[in-house]
Amino acid sequence: MNNPFIKHDMPERKEVIRVGSRKSQLALIQTKHVIECLKDLNPDKTYEIVKMSTMGDQILDKPLPKIGEKSLFTKELEIALEQQDVDFVVHSLKDLPTTLPDGMCIGAILKREDPRDALVLHPKHKGKTLNLLPKGSVIGTSSLRRTAQLNRSYPNLKVQNIRGNLNTRLNKLDNGDSFAAIILAAAGLSRMGWEKRISQRLEAEELLYAVGQGALAIECREDDFATLRLLEPLFHGTTTFRVLAERSFLRTLGGGCSAPVAVQSKLDGQTLSLSGAVWSLDGQKMLKHSSTCRLQYREEDEDGEPPRKCPYRMPKLFCSISPGNFTYRDLETAEKLGEDVACYLIKEGALDIMSEAKKQNESSPS
């Protein structure tokens, strides 16, 4: 007999997951992509986006390296996480420092898109490449990494700072006479549906990319096991091992946006390779080193279920990355690869080059 006080036709109330995101168009596209992935896996849950502005979004009159804040695009979002106003936050991985605040971790890393940089030309230079631009052409970028490499490889071109979200920078390019071209991340342009604006994809041999570039990361509270379980299926193995080695390299060097540091990584079968480099601001000084390691994990098994490790009450973090289903042995091997490449460069004088670059950047006019 039915209980008359129970309304059997009432729909089950769905759990609401609150997701933090920056307000920019690209950030919201990335956040919605993550939510769609989670909806496929968890159709019983609902998701609410909480939009926020960060310091990096608000201060647009200074070059990024001059602001002097490591968490330019993450701090406000992390405060919301700490106060439990949101359950997780979606980031471009290259924006996340290699060490996160206490209690925070990366709960998932999605499959990496193209990590390369892209050349976007002013309409009057349509069809050209970096090699074909007239002498003295101005290239816009806010990255010291790109600046140093352009200064080294293209001394006939001039590099000038440009700030703002993708829309703003493209408007400055198209509607002004200051810039012949700008350099942007290919992945961001692709996510915005603007691949046609890419005039040239710059191979890593020509322009090494930023640590984590092209990958999306989801940050959550380290002790929020329900959210960690929710996010775990989104981990992409090949991407995770590559960016872990990259983040370990950068963490060991102690670099960030205040020094020209760049990487290239690859997982070929079970062989993980990493190249890392540092430059002086003018590009004249350069140190580069490459190394490899071997993992138990195999790239061709990507579509299969990763081997389960023993459960840990509080999992160990690797450059602030939760281990997901991956073995500690493989994660430690990838982490050590990054440390080894960085230590080699440090032995060759990388810290002096980075310190000099930082001082020059701080003393140069904005």
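Going by average Cβ density within 10 Å per residue, which order do the peptides 191-199, 234-242 take, highest to lowest?
Numbers: 191-199: 15.3, 234-242: 23.0.
Top of the packing list down: 234-242, 191-199.
Over all orientations, the chain has a Cα convex hull whose mean projected area works out to 21.6 square nanometres. On average, how much accessible surface per residue is there in the chain, in Å², for a 1.4 Å probe, leaving out ligands, DNA and RNA? Per-residue value: 49 Å².
A simple charge model with +1 on the Cβ of Lys and Arg, -1 on the Cβ of Asp and Glu and nothing else charged puts the dipole of the chain at about 1160 debye relative to its Cα centre. Computed over neighbours whose Cβ is under 9 Å from that of Ser21, the net charge equals +4, Lys and Arg +1, Asp and Glu -1. For the chain, what is the mean residue ellipticity at 222 nm derived from helices alone (per DSSP H run of n ≥ 4: -39500 (n - 2.57); sum divided by total residues; nearest 500 deg cm²/dmol)? The helix-only estimate for the chain comes to -9500 deg cm²/dmol at 222 nm. Using +1 at the Cβ of each Lys and Arg and -1 at the Cβ of each Asp and Glu in the chain, identify which of Ser92, Asn151, Met354 lies farthest towards the dipole's positive end. Working it through, the farthest residue towards the positive pole turns out to be Asn151.
Overall, the accessible surface of the chain at a probe of 1.4 angstrom is composed of carbon and sulfur to the extent of 48 percent. Taking a straight Cα-Cα cut-off under 15 Å and skipping sequence neighbours fewer than 8 places away in the same chain, the aspartates and glutamates within cross-link reach of Lys347 are Glu339. Toward the positive end of the charge dipole of the stretch 191-280, with +1 on the Cβ of Lys and Arg and -1 on the Cβ of Asp and Glu, the farthest Cα among Ala215, Leu267, Ala226 is that of Ala215.
The values are calculated or read from the model by the stated rules, or taken from the named source; none is laboratory data. Predicted model, so just to flag it, every value in this text is computed and none were measured. We place every Cβ from the backbone using ideal geometry, glycine too, and count neighbours over all the protein chains shown. Accessible surface is based on the protein model in full, side chains and every heavy atom, while ligands, DNA and RNA are left aside. Shrake-Rupley method; radii C 1.70, N 1.55, O 1.52, S 1.80 Å.
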